[in-house]
1. For the chain, what does -39500 (n - 2.57) per DSSP helix run (n ≥ 4), summed and divided by total residues, give at 222 nm, in deg cm²/dmol to the nearest 500?
2. So which lysines can residue 83 reach, going by Cα to Cα under 23 Å and dropping same-chain residues fewer than 8 places off?
3. Among the aspartates and glutamates, which fall within straight-line cross-link reach of residue 160, defined as a Cα-Cα distance under 19 Å, with same-chain neighbours fewer than 8 residues apart omitted?
4. With a sphere of radius 14 Å drawn around the Cβ of residue 67, what net charge do the other residues whose Cβ falls strictly inside it have (Lys, Arg +1; Asp, Glu -1)?
5. Quote to one decimal, in nm, the extra length available between residue 188 and residue 105 on full extension: 0.36 nm per residue of separation minus the C-alpha distance between them.
6. What is the helix-to-structure angle for 82-97, meaning the angle in degrees between its Cα long axis and the longest Cα principal axis of the chain, kept from 0 to 90 and rounded to the nearest 10?
7. With Cα Rg over 2.2 N^0.38 Å defined as stated, name the option among (1) 2.23; (2) 0.98; (3) 1.05 computed from the structure displayed.
8. Describe numerically, in nm with one decimal, the distance between label points set 7 Å from Cα along Cα→Cβ at residue 153 and at residue 180.
Amino acid sequence: MNFAKSIYYSFIIILFCSTIITIAGIRGFQRLEPFVNTLNSSNTETLYYAEQMITSISVKKDLKTFEQNLANAKNNITEPDEKEAIEKIADNYLPAFSGNKKIEEETIEKITDLSRINRIAMEQAGLRAKKMQTVGIWIIIFPSIFIWIIGLTLLIRLKKTFIKPIQELNDVISDYNSGNFMRRCPSYTLSKDIQKLYDGINRILDEK
């Protein structure tokens with residue numbers, strides 16, 4: 001029957017759309033990683049400046065390059081503890097270039113702290129993104145599973161209580177019109193309203 005097919009197709013379209021939406025949502029959350037990498041670009045830049053400062057102070061003894069990278073780090077603060085670490089580096093680096101080994105070691109230690117702050121921030125951002133990705137995917141999957149269960153349950157119930165009885169009624173009438181005058185509607189269905197309709201049709205056929 002065209003009516004039954006239209007109901008089937010409607011449910012299939014609903015379930016198909018639900019699946020597409022779920023897949024699109026999952027793909028969207030999977031793209032969080034490149035987004036986090038973009039956010040971590042500032043931390044990566046600070047790590048580069050820190051490496052350049054360590055090279056300038058311990059190997060090249062290049063004060064100008066050191067100060068340039070220190071200025072770049074000051075303009076690229078993204079984490080709460082960075083400002084304090086950079087201020088300590090700025091307050092003590094000049095004696096290190098004058099040959100004070102103790103100050104040089106302390107300055108390198110502060111630069112290392114700056115690197116550590118940014119590395120930890122990057123790791124935490126990655127963990128947060130991964131957790132958000134996992135939670136987000138499950139938030140999308142659960143409603144989709146629920147829709148599938150509800151949709152299939154309704155479809156099965158609708159088939160038993162409405163579609164099959166209507167098909168049966170159509171077959172009885174078609175057989176009668178084709179010359180099979182003995183066939184009757186079943187004496188029991190899950191729907192009381194359909195059963196009343198069956199009984200009425202059977203009485204009409206019996207009277208004929």
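1. Helix-only estimate at 222 nm: -28000 deg cm²/dmol.
2. Result set, ordered by chain and number: 64, 74, 102, 110.
3. Candidates past the 8-residue exclusion: 168, 171, 193, 199.
4. That works out to +2.
5. 20.6 nm
6. Approximately 30 degrees, to the nearest ten.
7. Entry (1).
8. It works out to 3.6 nm between the two label points.
Coordinate-derived values only; no laboratory data. This structure is a prediction, so every number in the text was calculated from the model and none was measured. Please note: Cβ atoms are built from the backbone with ideal geometry, for glycine as well, and neighbour counts cover all protein chains shown.
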